[in-house]
Amino acid sequence: MKHCEHISQAMQQVLLNHQRGYTLWTSFEVDANKSLLIDTKFQEQFGTKLPSWKRQDRKQKGLPNGLAYSAPVFSNAGLREIILMATPEALRAPEVTPWRREKWKTCYPTFGHFVMSIEQRERGDSAMTWRIKPEVLGQIEKDLIRMVKRGDRACVLSNTQSLVRLYPMFGGVRRQVRRLFRSLQKLWIAAQKSPWPGPDPEALPMKIGFFKG
């Protein structure tokens with residue numbers, strides 16, 4: 001299992017390997033001090049640390065392969081989220097094996113506050129990316145609208161800057177945040193009759209990272 005320092009590192013690997021055929025998955029949160037034990041378990045049961053040549057050999061034999069990643073949980077340094085991924089052959093493995101006992105999901109993966117999806121890009125083509133979960137984005141929008149309506153410039157600035165700084169700006173996330181900030185900017189100008197105090201919606205960073213604080 002790959003233990004990632006930042007959530008963006010895990011999300012990048014999950015996105016890449018989903019496209020490579022690791023389309024089954026399951027995830028959960030654990031105490032950080034238990035992640036090494038789970039790492040050993042996954043290595044024994046699913047071969048999550050096999051070298052690439054061994055994975056290729058298993059693939060040619062029609063056998064399943066597995067990968068796993070862990071990353072910090074937002075706002076809780078004592079927890080890590082773990083995602084275990086597998087190739088579709090896991091569903092055809094013998095019933096007595098760990099592959100068949102695992103409760104695999106076949107929908108697009110979710111990780112932290114994010115969900116993977118296919119999205120049309122501004123240049124017209126489509127690509128796999130990450131987006132903020134609808135329920136998470138809805139709460140963020142609700143909170144920011146309340147701050148805008150009461151004219152709390154300091155809170156609007158602090159919270160919008162934190163959103164840009166903390167969230168990995170994958171293409172899907174960046175487009176969501178841009179639309180949100182455009183809407184909030186219009187509301188602020190209409191309600192407060194002054195310039196928007198938050199980040200420029202048209203100049204959001206393309207960085208992909210997660211930083212504490």
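The values are calculated or read from the model by the stated rules, or taken from the named source; none is laboratory data. For clarity, every value in this text was computed on a predicted model and none was experimentally measured. Ideal geometry is used to build each Cβ from the backbone, glycine not excepted, and the neighbour counts take in all protein chains shown. Areas reflect the complete protein model, heavy atoms only, side chains present, ligands, DNA and RNA absent. Shrake-Rupley method; radii C 1.70, N 1.55, O 1.52, S 1.80 Å.
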Considering residues of region 14-32 that are touching a strand residue (DSSP E or B) at 6+ places or on another chain (Cβ under 7 Å) and open to solvent by 100 Å² or more (accessible area, probe 1.4 Å) only, the residue nearest to Gly112 (Cα to Cα): Glu29
Pairs, first farther than 24 Å from Lys193 by Cα and at pLDDT below 95 in region 152-175, second among the small types (Gly, Ala, Ser) and surrounded by 15 or more Cβ atoms within 10 Å (Cβ to Cβ), C-beta under 6 Å, six or more apart: Pro168/Ser8
Residues of region 165-187 satisfying the condition of being crowded, with 17+ Cβ neighbours inside 10 Å, in contact with a Pro (Cβ under 7 Å, 6 or more places away or on another chain) and part of a helix (DSSP H, G or I): Arg178, Phe181, Gln185
Residue identified as at pLDDT below 95 and surrounded by 16 or more Cβ atoms within 10 Å (Cβ to Cβ) among Ser35, Ser52, Ser75: Ser35
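If you go through region 137-150, how many residues are more than 16 Å from Arg182 (Cβ to Cβ) and open to solvent by less than 30 Å² (accessible area, probe 1.4 Å)? Break it down stepwise before answering.
At the first step, the residues of region 137-150 found to be more than 16 Å from Arg182 (Cβ to Cβ) are 138-139, 142-143, 146-147, 149-150.
From what is left, the residues that are open to solvent by less than 30 Å² (accessible area, probe 1.4 Å) are 147.
Going through region 137-150 one residue at a time, the tally reaches 1.
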Top-ranked residue in region 188-213 [being of a type in the set (A, V, I, L, M) and modelled with pLDDT of 95 or more; ranked as surrounded by the fewest Cβ atoms within 10 Å (Cβ to Cβ)]: Ala190
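Residues of region 104-124 being open to solvent by 40 Å² or more (accessible area, probe 1.4 Å), of a type outside the set (Val, Ile, Thr) and either in contact with a helix residue (DSSP H, G or I) (Cβ under 8 Å, 6 or more places away or on another chain) or in contact (Cβ under 8 Å) with a residue 24 or more places away in the chain (or both), which ones? Walk me through it before giving the result.
We begin by selecting, within region 104-124, every residue open to solvent by 40 Å² or more (accessible area, probe 1.4 Å); these are 105-108, 113, 118, 120-124.
Right, trim to of a type outside the set (Val, Ile, Thr) and you get 105, 107-108, 113, 120-124.
Lys105, Tyr108, His113, Arg121, Glu122, listed by residue number.
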